[in-house]
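The values are calculated or read from the model by the stated rules, or taken from the named source; none is laboratory data. Fair warning: this is a prediction, and the values are worked out from it, not measured in the lab. For neighbour counting, all protein chains shown are included, and Cβ atoms are generated from backbone atoms with ideal geometry for every residue, glycine included. Side chains included, ligands, DNA and RNA excluded: accessible areas come from the protein's heavy atoms. Shrake-Rupley method; radii C 1.70, N 1.55, O 1.52, S 1.80 Å.
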Amino acid sequence: MDLGVLNTECHAEVHIRIERSRVVLTGVLQMGGRHELVKTWERHAGKGGGWVTRTPDFVQCGEDLLGRELAEYLDGLRFPFEVANLLPSPATAAGAAAREAAAKELANA
């Protein structure tokens, strides 16, 4: 029996990193050891646009690793389209102007 495990607080974590062209969702279960699973979506350029992922659903690939409840919770999270679309494009003159306008708007809020 590993007594160090008994002194470790069990917890679940959900991390969401939202970038203009990428969204990364990470689920972590700390219970007798750390188990982590990552799913990434990339913005699809070209006709039709949208977001694509090559990672299966959390329930499909991570139920045994994270537990059914956490896997279902992660799969049920609403995708943050609006937040990703809010972020400015990479450094261009228009992107710099958009960042400056957004910063001024936030400063006046």
Notebook entry, point to check: Under a 1.4 Å probe, what is the accessible area of the chain per residue, stated in Å²?
Noted result: 72
Check: Put a dot 7 Å past each Cα toward the Cβ at residue 38 and residue 14; how far apart are the dots in nm?
Finding: 2.0
Margin query: Give me the percent of accessible area attributable to carbon and sulfur for the chain, probe 1.4 angstrom.
Written below: 55
Checklist line | From phi via Karplus (6.51, -1.76, 1.60), per-residue ³J(HN,Hα) for region 63-73 in Hz, x at Gly/Pro | finding: 4, 5, 7, 9, x, 4, 4, 5, 4, 5, 4
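Based on Cβ point charges of +1 for Lys and Arg and -1 for Asp and Glu, what charge dipole magnitude is obtained for the chain about its Cα centre, in debye rounded to the nearest 20?
For the chain, the charge dipole is close to 680 debye.
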Check: What Kirkwood radius, in Å to one decimal, follows from the Cα pairs of region 59-109?
Finding: 13.9
Next item on the list: Please work out, to two decimal places, the log10 of the ratio I(q)/I(0) at q = 0.17 Å⁻¹ from a Debye calculation in which every Cα of region 13-109 carries one identical scatterer.
Entry: -0.82
